[in-house]
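Structure, as structure tokens:
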Ligand SMILES: Cc1cc2nc3c(=O)[nH]c(=O)nc-3n(C[C@H](O)[C@H](O)[C@H](O)COP(=O)(O)O)c2cc1C
């Protein structure tokens, strides 16, 4: 029976288990360039036994950063520092993945420890773009400029160039960030996207930007490597994007060569409140997986090994992603294997053998 520690093969890539470290912004880059912090942060989690390490939301263009400290991959200078990290991650037996992102109207914000509000341009911020000139709200009150067709084509080219650089940097798993109220998701949302051209209005029009971007990225990302999309599968508000739409979109993305949907939710509407029970995305993941016939990863308040294992055994997701619990315990996968009495136990790094 398939379980948390059964390997998973997608295309030419095999994960040693179904545990992934979810992408987590560190807001610690300078001009997008990764440094020792990222090496240690991701490296220790690869040594901790995860099968997949997805690097944080990495901006495809400078204006697509959430904060001035975000990771970037819009220039060739970003590649080697990322490649260094990926060599280490691979040497620990994990697969290095990257999440390509553009923050849209949520860009130009202060780092969380500086309050997360939008930064004025004179305070280090910048002009933002989005499908429509509607501010997110709350502390993110900058009104974005509605994207022209030229902007749309340019950002799509940025995603393609970023995918090519990701390959050069040694990533073997690529995720498009179409969740949490950032640019790709803003186009999907009937609340954020009020365009009257081919990119707004009907379901077909709202999904066009993501579908076109996916197709363009798939054309340069090797067929043999997994391409995945993180979706906010519901916005948790009346009149917002729904799980039903997510299922239909997942079917279409599968046809375009997407191998897995990373199931998340929310983040697109300032006032929306998501449930906060353990594994609250699991029923959404199960629906996407069953009704769209595509592999899924699931994330969200999954902290207990037995819970993660049961999700995989019940066919509710193919991969379980851990975020905050991985911050609390980078060795979560090794500990989970013990707790679940996996036989044979996955080996800890030889350097740690006396401790495990
Ligand atoms: C510090 C931090 C940074 C995050 N950055 C990202 C990100 O870059 N991209 C993303 O899709 N989600 C991001 N998230 C969300 C997580 O990937 C995850 O979906 C969320 O924390 C729920 O999972 P958890 O309950 O295991 O923490 C971040 C979460 C945290 C705590």
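Quick note: the coordinates plus some simple rules give every number you see, no bench work behind them. Note that this is a predicted model, so its numbers are computed, not measured. Because the Cβ atoms are built from the backbone with ideal geometry, glycine has one as well, and the counts that use them run over all protein chains shown.
Every residue, every condition in (1) over 19 Å from the mean Cα position of the chain (by Cα); (2) more than 12 Å from the ligand (Cβ to nearest atom); (3) surrounded by fewer than 20 Cβ atoms within 10 Å (Cβ to Cβ); (4) on the phi > 0 side of the Ramachandran plot, yes or no:
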site	(1), (2), (3), (4)
5	yes, yes, no, no
19	no, no, no, no
30	yes, yes, yes, no
45	no, yes, no, no
59	no, no, no, no
81	yes, yes, yes, no
86	no, yes, no, no
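Have a look at 262, 314, 329, 343 and point out the one that is under 30 Å from residue 40 (Cβ atoms) and more than 11 Å from the ligand (Cβ to nearest atom).
Answer to the check: 329.
Pairs only if they're at least six apart or on different chains, beta carbon under 9 angstrom, first in the stretch 264-280 and touching a residue at least 60 places away in the same chain (Cβ under 8 Å) and under 20 Å from residue 135 (Cβ atoms), second near the ligand (Cβ under 9 Å from one of its atoms) and part of a loop (DSSP other than H, G, I, E, B); list them, first residue then second.
From residues that are touching a residue at least 60 places away in the same chain (Cβ under 8 Å) and under 20 Å from residue 135 (Cβ atoms), the pairs are 266/179; 266/180; 267/179; 267/180; 267/182; 268/179; 268/180; 268/182.
For the stretch 192-240, name all the residues that are under 23 Å from residue 146 (Cα atoms), within 16 Å of the ligand (Cβ to nearest atom) and part of a loop (DSSP other than H, G, I, E, B).
Once the filter is applied, which keeps residues that are under 23 Å from residue 146 (Cα atoms), within 16 Å of the ligand (Cβ to nearest atom) and part of a loop (DSSP other than H, G, I, E, B), the stretch 192-240 yields only 235.
Identify, from the list 50, 34, the residue that is touching a helix residue (DSSP H, G or I) at 6+ places or on another chain (Cβ under 8 Å), within 13 Å of the ligand (Cβ to nearest atom) and under 19 Å from residue 172 (Cβ atoms).
Checking each option against the conditions leaves just 50.
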